[in-house]
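No value in this document is a laboratory result; all are computed from the given coordinates. Predicted model only: the values in this text are computed from it and were never measured. Virtual Cβ from ideal backbone geometry, glycine too; neighbours counted across all protein chains shown.
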Amino acid sequence: MSFASVLFPQQSRSFPGQRWVNILLRTLHLLGMAGIGGGYFYAAVGDVWQGFLTLTLASGVIMLLLSIGSNGIWLLQLRGHAILLKLFLLIMMLLWPAYQTLFLILVIVLSGLIAHAPGNVRYYSIFYRRRLDTL
């Protein structure tokens with residue numbers, strides 16, 4: 001069994017209850033983003049909002065790992081690239097506080113664009129220069 005066949009199975013892998021795990025993780029992720037936005041945009045005292053950043057990062061990384069574990073094709077699609085970029089921007093919020101507002105706004109804009117983009121955009125691969133549903 002090759003690395004490619006493990007990372008890119010012909011049929012996506014799943015586990016019992018996966019849909020509910022994804023729903024729970026997305027809900028926690030939205031709660032984290034709401035906390036970041038509320039705490040940051042309304043100038044919460046101290047670093048109260050950073051707990052929400054941790055929740056957002058943790059739930060996002062778990063969703064990322066589940067997506068890759070299901071089928072690595074996600075890494076070749078624009079939807080995967082957008083998620084990796086958002087993760088990078090959230091980490092940058094911690095490293096460059098002077099640009100937190102810009103990074104947060106970019107994360108929100110990217111989230112809205114990729115979540116509501118048509119399938120031909122979300123599943124587009126910059127490597128294959130076409131919509132990529134299977135390898």
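In order along region 96-113, the phi-based Karplus estimate (6.51 cos²θ - 1.76 cosθ + 1.60, θ = phi - 60°) of 3J(HN,Hα) comes to 10, x, 5, 10, 4, 4, 4, 4, 5, 4, 4, 4, 5, 5, 4, 4, x, 5 Hz; Gly and Pro are listed as x. What's the longest uninterrupted piece of the chain once you rule out the chymotrypsin sites (Phe, Trp or Tyr not before Pro) that are loop residues per DSSP with at most 12 other Cβ within 10 Å? Between the exposed loop sites, the longest stretch runs 43-126. Residues considered: Ala82, Ala117, Ala58. Largest GNM mean-square fluctuation over the chain, using C-alpha springs under 10 Å, is found at Ala117. Dipole magnitude for the chain: about 460 debye, using +1 per Lys or Arg Cβ and -1 per Asp or Glu Cβ, origin at the Cα centre.
Backbone phi angles across region 63-70, fed through the Karplus curve with coefficients 6.51, -1.76 and 1.60 (θ = phi - 60°), yield HN-Hα couplings of 4, 4, 5, 5, 5, 5, x, 5 Hz in residue order; Gly and Pro are listed as x. Modelled this way, with points 7 Å down the Cα-to-C-beta line, the labels at Ile62 and Leu24 are 0.7 nm from one another.
Applying the Karplus relation 6.51 cos²θ - 1.76 cosθ + 1.60 with θ = phi - 60° to region 24-41 yields 3J(HN,Hα) values of 4, 5, 5, 5, 4, 5, 5, 4, x, 5, 4, x, 4, x, x, x, 7, 5 Hz, where x marks Gly and Pro. Subtracting the Cα-Cα distance of Asn120 and Leu106 from their residue separation scaled by 0.36 nm leaves 2.8 nm.
In the chain the longest region clear of trypsin sites (Lys or Arg not before Pro) that are loop-assigned by DSSP and have at most 14 other C-beta atoms within 10 Å covers 14-128. If you take mean projected area of the Cα convex hull in nm² from the coordinates, which of (1) 9.2; (2) 10.7; (3) 8.5 do you get? The calculated read-out lines up with (1).
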